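**Student:** Starting off with a structure, shown below.
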């Protein structure tokens, strides 16, 4: 599991990495860095400081908790602000927990373990399609070969794009339709011409399965997939 730490204090990063092992901790020092990393990698928990060089951690927490792409990720605010009104406000911004500085690393580890343990026990959907298994809660896709699952390390955008393609296996999806499924559904916009770049990156990660994404010149893309193993009705009918 990977944790995103948003804190401009190097020492906090060292403490987190020491006590949160074997979790991987990725530290960012600004909100803009954290936002950029969230679009590229998958995280299972966020640790958020409040006083940051480019804004308020409260605002960032509120933004993440209301974004369909990230609202499933547990968030813990870590800050020196310890007034009861500040704790209440932080939790109202969508945080799942609130830890005041200074704190002991063992306490941080216990709080993180608790959140991740409860989160893992939540019954979430796993969509299997041929050799691919989609974890729709964590937005991760695994390739199952010889009984072993290999994480394809897809970005959130690549995850939504591949899932949209395999759910429509054998059907032609225009660039505009892919935009609607991948971006417009979360309130974002992209020029349909930009899809080519995302498809190219996705094909690289699919390796020998890259040729299952077929380009139809001037019309869009289709996914010629291995035989479907199981696709829940709720997912098959979703747009």
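**Student:** Go through the range 121-135 and count every residue that is at pLDDT 80 or above and in a loop (DSSP other than H, G, I, E, B).
**Tutor:** Of the residues in that region, 1 qualify.
**Student:** Only one of 25, 50, 64, 88 is over 23 Å from residue 1 (Cβ atoms) and crowded, with 16+ Cβ neighbours inside 10 Å. Can you tell me which?
**Tutor:** On the way: 25 fails: over 23 Å from residue 1 (Cβ atoms); 64 fails: over 23 Å from residue 1 (Cβ atoms); 88 fails: crowded, with 16+ Cβ neighbours inside 10 Å.
None of the other options fit; the residue is 50.
**Student:** Let me ask something else about it. State all residues of the range 184-239 that are modelled with pLDDT under 85, part of a helix (DSSP H, G or I) and closer than 20 Å to residue 131 by Cβ; if no residue qualifies, say none.
**Tutor:** 235, 236 - these are the residues of the range 184-239 that are modelled with pLDDT under 85, part of a helix (DSSP H, G or I) and closer than 20 Å to residue 131 by Cβ.
**Student:** Next question, about the same structure. Taking the condition of being in a helix (DSSP H, G or I) and either touching a strand residue (DSSP E or B) at 6+ places or on another chain (Cβ under 8 Å) or exposed (fewer than 14 other Cβ atoms within 10 Å of the Cβ) (or both), how many residues in the range 91-110 meet it?
**Tutor:** 6
**Student:** Can you tell me which residue within the range 11-22, out of those that are assigned to a helix (DSSP H, G or I) and in contact (Cβ under 8 Å) with a residue 12 or more places away in the chain, is surrounded by the most Cβ atoms within 10 Å (Cβ to Cβ)? Give the derivation first.
**Tutor:** Start the filter on the range 11-22 by keeping residues that are assigned to a helix (DSSP H, G or I), which leaves 11-19.
Next, only the ones that are in contact (Cβ under 8 Å) with a residue 12 or more places away in the chain stay: 12-13, 15-16, 18-19.
Numbers: 12: 19, 13: 18, 15: 19, 16: 22, 18: 11, 19: 18.
Filtering the range 11-22 for residues that are assigned to a helix (DSSP H, G or I) and in contact (Cβ under 8 Å) with a residue 12 or more places away in the chain, the one surrounded by the most Cβ atoms within 10 Å (Cβ to Cβ) comes out as 16.
**Student:** Out of the residues in the range 152-173 that are modelled with pLDDT of 85 or more and exposed (fewer than 15 other Cβ atoms within 10 Å of the Cβ), state the one that is farthest from residue 218 (Cα to Cα).
**Tutor:** Here the answer is 153.
The values are calculated or read from the model by the stated rules, or taken from the named source; none is laboratory data. Quick caveat, the model's predicted, so the values are computed rather than measured. Positions of Cβ are backbone-derived with ideal geometry, glycine not excepted, and every protein chain shown enters the neighbour counts.
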